[in-house]
Amino acid sequence: MILPLLLVLQTAPAPQDELNIEVVGRRLAAISATVSQGAGGKLGCALSASSGYARLDEQLCRAATQCVRKGARDSAAVKACIDKRKPALLADFKRGWRASQ
């Protein structure tokens, strides 16, 4: 009886981990991205703030530039496209976070 309880306790995420992921999620929700086109048509991205995690910031910029490549032209369309992608980015971050723990 004790062994199953120990297994459950081992696999449950620590409350601090969930708190950290929640904080990252709030940061991510507040970030906006600006996509610009440079000479030769190369797209660049700038974020209004950092999530605190370089990989997540890079993924957000990649998502933003993909939105523009797929046809989002004005700021409202880019914002809507990025906002649609943020939950998947956060879920990916969460999986990576848990795998590294």
**OP:** Output the residues belonging to the stretch 31-71 that are in a loop (DSSP other than H, G, I, E, B) and among the small types (Gly, Ala, Ser).
**Re:** SER32, GLY38, SER48, ALA49, SER50, SER51, GLY52, GLY71
Subject >> Among the residues listed as ALA33, ALA29, the single one being among the hydrophobic types (A, V, I, L, M, F, W, C) and open to solvent by 30 Å² or more (accessible area, probe 1.4 Å) >> reply: ALA29
**OP:** Could you tell me whether ALA49 is at pLDDT 95 or above and either more than 28 Å from SER100 (Cα to Cα) or open to solvent by less than 60 Å² (accessible area, probe 1.4 Å) (or both)?
**Re:** yes
**OP:** Can you tell me which residue within the stretch 74-98, out of those that are within 12 Å of ALA64 (Cβ to Cβ) and open to solvent by 70 Å² or more (accessible area, probe 1.4 Å), is farthest from the chain's Cα centre (by Cα)?
**Re:** SER75
Original post:
Any idea how many residues of the stretch 77-101 are in contact (Cβ under 8 Å) with a residue 60 or more places away in the chain and over 12 Å from TYR53 (Cβ atoms)?
Top reply: 2
**OP:** Test LEU28 against the stated conditions and say whether it is in a helix (DSSP H, G or I), closer than 18 Å to LYS84 by Cβ and either modelled with pLDDT under 95 or not β-branched (Val, Ile, Thr) (or both).
**Re:** yes
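The values are calculated or read from the model by the stated rules, or taken from the named source; none is laboratory data. Since the model is a prediction, treat every value here as computed from it, not as a measurement. FYI the Cβ positions are ideal-geometry reconstructions off the backbone, even for glycines, and counts take in every protein chain you see. These area figures cover heavy atoms from the full protein model, side chains too; ligands, DNA and RNA do not enter into them. Shrake-Rupley method; radii C 1.70, N 1.55, O 1.52, S 1.80 Å.
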